[in-house]
Amino acid sequence: MCVKLVSYQNYTKIHGQKNKTRFFVHHIILSAVKRVEFFSDRVSYIFQRGHWCNIIVLNVHAPSEEKSDDSKDTFLRESRAGFLK
């Protein structure tokens, strides 16, 4: 999936083309970003190199309680598939 980078003042916005999840990363730590993955339009993560350990930030937009069970099941299947990669 293509990743778009857009700069805003001191931040860079990272998002996929058809993705609801986004990350805003400060320019000071942008060089520490090792990988960005978009599993679906609702689930993504960013992997950063830290001083003592690496950092993974998970961004998830789960369906609300009012949504249909099919929508929730699809979300859970996509999430599991992405994490088990």
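Identify all residues within region 6-39 that are surrounded by 12 or more Cβ atoms within 10 Å (Cβ to Cβ) and either in contact (Cβ under 8 Å) with a residue 60 or more places away in the chain or of a type in the set (A, V, I, L, M) (or both); write none if there are none. The answer is ILE14, VAL25, ILE29, LEU30, ALA32, VAL33, VAL36. For region 40-55, the condition of being surrounded by 12 or more Cβ atoms within 10 Å (Cβ to Cβ), without any contact (Cβ under 8 Å) to a residue 12 or more places away in the chain and more than 10 Å from the chain's Cα centre (by Cα) holds for at least one residue.
May I ask you to list the residues in region 1-55 that are basic (Lys, Arg), outside any loop (DSSP other than H, G, I, E, B) and under 19 Å from SER79 (Cα atoms)?
Scanning region 1-55 gives ARG22, ARG35.
Scanning region 56-84 for residues that are within 15 Å of the chain's Cα centre (by Cα) and either at pLDDT below 85 or not in a strand (DSSP E or B) (or both) yields LEU58, ASN59, VAL60, HIS61, ALA62, PHE75, GLU78, SER79, ARG80, ALA81, GLY82, PHE83.
The values are calculated or read from the model by the stated rules, or taken from the named source; none is laboratory data. As the structure is a computational prediction, the values presented were derived from the model and not from experiment. Here the Cβ is made from the backbone with ideal geometry for all residues, glycine too, and neighbour counts use every protein chain on show.
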